[in-house]
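I have placed the structure first, in the form of structure tokens, so that the comments after it can refer back to it.
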Amino acid sequence: MAKFNKKRSQSSTSINTASLPDIVFMLLFFFMVTTTMREVTLKVKVNTPSAVEIEKLERKVATSYIYVGPPVDERLGSATRIQLNDQLAFPSEIPEFLESEKTQINPMELPKFAISLKADKEAKMGVVTDVKQELRKAEVYKLYYSSKKRQSGPQL
Amino acid sequence: MARKKRSTPEINAGSMADIAFLLLIFFLVTTTMDTDTGLRANLPPMPLPDQPIPDIKKRNVLEIRVNSQNLMLVEGEIMDVAQLKDFTIRFITNYGKDLNLSENPEKAVVSLKNDRGTAYDTYVQIQDQLRQAYTEVRNSASQRQFGRDYNDLTDAQKKIISKDYPQRISEAEPEEVGGN
């Protein structure tokens with residue numbers, strides 16, 4: 001018969017918590033660094049479509065966003081509008097926007113500069129085409145049609 | 001002056017963990033780890049003013065048109081978007097059998113033209129269908145040649161496959177037509 005050690009030490013052993021703040025701080029710094037606060041407040045409604053053949057963005061830091069959709073403020077009507085940074089804009093303002101975005105990223109990343117187009121399902125292609133034409137004129141050729149992941153199968 | 005011996009007062013660090021936890025929870029909640037995803041497109045450069053129109057046989061062009069009612073015409077016939085993938089695969093891998101479809105995958109071109117009033121969702125679904133078709137064709141070709149899916153190939157092998165099955169989706173230069 002095995003001999004069981006019946007006598008357990010009754011005094012409650014306290015765990016040393018001196019290193020707890022260190023661990024918590026480590027986690028804290030991790031989240032502080034990875035956190036990105038939502039950069040802009042959306043002025044247009046954006047409900048992106050879903051697709052199968054989607055890819056991840058190549059370099060998130062070298063990506064700028066253009067939002068396209070109907071305005072959130074209903075007094076502005078329901079026609080498709082463009083949002084650059086924090087305000088509604090016209091297609092003619094895109095070249096200026098691209099220039100200022102390009103100055104904000106590391107020159108090494110410039111070849112990877114891409115645009116993620118966050119457009120609403122209901123947006124009209126006319127406006128999207130205008131955006132694309134402006135991008136081509138500004139010689140920005142990398143474009144992502146931002147969409148959610150969907151398993152294969154029919155849409156709608 | 002003689003120095004008094006001071007006992008260094010100890011700061012109670014017991015609440016440090018609490019403060020750190022509080023901050024940690026705040027950042028945990030506000031963090032958005034969303035990785036943005038999307039359909040990748042490479043826009044073509046603007047055409048030069050006197051750029052010649054490339055001479056492509058009509059049978060090698062898959063003509064897709066979408067109107068402002070989100071109805072799609074493929075080679076002049078109305079088609080449901082969900083069927084586009086299968087038709088595109090048939091078009092690419094025709095190898096000259098059907099006289100109206102492409103001669104071979106290398107020459108096949110998809111031409112997409114949409115109206116200004118087309119919904120963005122429809123456009124993305126069409127682009128997605130076309131990409132799915134090309135992925136499937138390339139996958140089956142790579143399975144035949146290398147026994148692996150296209151995405152698992154080395155760069156050199158990818159080049160061979162994509163040379164045989166180039167993904168050419170051309171979009172017509174926009175025109176001011178149709179309603180908004």
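Quick notes
- Subset of region B:48-63 (residues that are of a type outside the set (A, V, I, L, M) and surrounded by 11 or more Cβ atoms within 10 Å (Cβ to Cβ)): B:R59, B:N60, B:E63
- Note on region A:138-153: residues that are touching a strand residue (DSSP E or B) at 6+ places or on another chain (Cβ under 6 Å) and more than 9 Å from chain B (Cβ to nearest Cβ) amount to 0.
- Taken over region B:89-120, the criterion of being touching a residue at least 12 places away in the same chain (Cβ under 8 Å), among the charged types (D, E, K, R) and farther than 21 Å from B:I161 by Cα is satisfied by B:K113, B:D115, B:R116.
- Scanning region B:40-65 for residues that are modelled with pLDDT of 85 or more and touching a helix residue (DSSP H, G or I) at 6+ places or on another chain (Cβ under 6 Å), we see that the one that is nearest to the other protein chains (Cβ to nearest Cβ) is B:L43.
- Count - residues of region A:66-95 that are in contact with a helix residue (DSSP H, G or I) (Cβ under 9 Å, 6 or more places away or on another chain) and assigned to a strand (DSSP E or B): 8
- Pair list, Cβ < 9 Å and 6+ apart or interchain, from region B:49-64 residues that are in a loop (DSSP other than H, G, I, E, B) to residues that are among the charged types (D, E, K, R): B:I56/B:K107; B:K57/B:E103; B:K57/B:K107
- Of all residues in region A:92-107, those that are within 12 Å of A:T63 (Cβ to Cβ) and either among the acidic types (D, E) or surrounded by fewer than 12 Cβ atoms within 10 Å (Cβ to Cβ) (or both) total 2.
- Qualifying residues in region A:108-137 (those that are more than 10 Å from every other protein chain (Cβ to nearest Cβ) and over 17 Å from A:A79 (Cα atoms)) - the one surrounded by the fewest Cβ atoms within 10 Å (Cβ to Cβ): A:M108
- Residues of region A:28-53 satisfying the condition of being within 10 Å of chain B (Cβ to nearest Cβ), aliphatic (A, V, I, L, M) and in contact with a Phe, Trp or Tyr (Cβ under 9 Å, 6 or more places away or on another chain): A:L28, A:M32, A:A51
- When region A:138-155 is filtered for residues that are assigned to a loop (DSSP other than H, G, I, E, B) and buried (at least 19 other Cβ atoms within 10 Å of the Cβ), the ones remaining, listed by number, are A:V140, A:S147.
- Within region A:63-80, the residues that satisfy the criterion of being within 13 Å of chain B (Cβ to nearest Cβ), farther than 27 Å from B:Q132 by Cα and not β-branched (V, I, T) are A:P70, A:G77, A:S78, A:A79.
- Failed item, numbered, when B:K85 is tested on (1) out of contact with any strand residue (DSSP E or B) (no Cβ under 9 Å at 6 or more places or on another chain); (2) away from every other protein chain (no Cβ under 14 Å): (2)
The values are calculated or read from the model by the stated rules, or taken from the named source; none is laboratory data. Because the structure is predicted, anything quoted here is derived from the model rather than measured. FYI the Cβ positions are ideal-geometry reconstructions off the backbone, even for glycines, and counts take in every protein chain you see.
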